[in-house]
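Quick notes on the structure that follows.
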Amino acid sequence: ALAKTVALLRAAARRHGAQGLAATQCGVDAAIVLLGDEAFVNPRIVERSPEARLRCWTERCLALPPDVRVETLRDETLTVAATTAAGVPFTTTLTGAAARQFSHEYDHARGVLIIDHAYDAVASTAF
């Protein structure tokens with residue numbers, strides 16, 4: 001059942017041109033994050049960048065109107081532990097854009113949107 005769910009989530013991501021996806025965005029109550037073709041089931045961030053290595057990114061989100069862009073502060077490097085759709089545990093280190101994308105989708109899995117990261121002044125002008 002898990003492998004089929006992940007396959008359906010991958011198809012949804014491709015259909016919408018998404019680089020990543022959280023299961024919750026598709027109404028699936030499961031801790032699954034897709035990043036490209038890789039599925040992270042029950043992901044946990046086990047190591048983050050030191051504060052001095054955080055990066056500022058301008059992000060958009062398919063869950064928001066297309067003109068909304070938010071400056072976010074994200075880790076340059078993340079180490080993530082998860083399991084595959086087949087139930088095999090793994091740990092991987094993501095850097096740069098991959099770390100940012102994972103953080104974005106991980107936030108979705110926890111009910112957080114990019115606008116939740118925005119400064120009040122920026123967020124108030126977006127809506």
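The values are calculated or read from the model by the stated rules, or taken from the named source; none is laboratory data. Not measured: the values here are computed from a predicted model. Because the Cβ atoms are built from the backbone with ideal geometry, glycine has one as well, and the counts that use them run over all protein chains shown. Only protein heavy atoms, including side chains, enter the accessible area calculation; ligands, DNA and RNA are left aside. Shrake-Rupley method; radii C 1.70, N 1.55, O 1.52, S 1.80 Å.
For residue 60 and residue 14, what is the calculated FRET efficiency with R₀ set at 22 Å and r taken between the beta-carbons, to the nearest 0.05? My answer for the efficiency is 0.75. Against the main long axis of the alpha-carbon atoms of the chain, helix 97-109 sits at an angle near 80°. Here the chain is treated with +1 on each Lys and Arg Cβ and -1 on each Asp and Glu Cβ, and its dipole about the Cα centre works out to around 360 debye. Computed extension gain for residue 26 through residue 86, at 0.36 nm per residue and net of the alpha carbon distance, reaches 19.6 nm.
Structure remark: mean-square fluctuation, Gaussian network model of the chain, C-alpha springs under 10 Å; the largest value among 85, 23, 39 belongs to 85. The angle between the Cα long axis of helix 2-15 and the longest principal axis of the Cα atoms of the chain comes to about 40 degrees, rounded to the nearest 10. Carbon-plus-sulfur accessible fraction, the chain (probe radius 1.4 Å, protein heavy atoms only): 52%.
When a/c reaches 1.5 or more, the comparison of a/b and b/c decides; with that in mind, is the chain rounded, prolate or oblate per its Cα gyration tensor? Since a/c reaches 1.5 but b/c is at least a/b, the shape of the chain is classed as oblate. The residues packed around residue 75, meaning those with a beta-carbon under 10 Å from its beta-carbon, carry a net charge of +2 if Lys and Arg are +1 and Asp and Glu are -1. In this structure the chain gives 57 Å² per residue of accessible area when probed at 1.4 Å with all protein chains present. In this structure, residue 77 and residue 112 have a Cβ-Cβ separation that, at R0 = 30 Å, corresponds to a calculated FRET efficiency of about 0.90. A helix-only calculation puts the chain at -8000 deg cm²/dmol for mean residue ellipticity at 222 nm, using -39500 (n - 2.57) for each DSSP H run of at least four residues, averaged over all residues.
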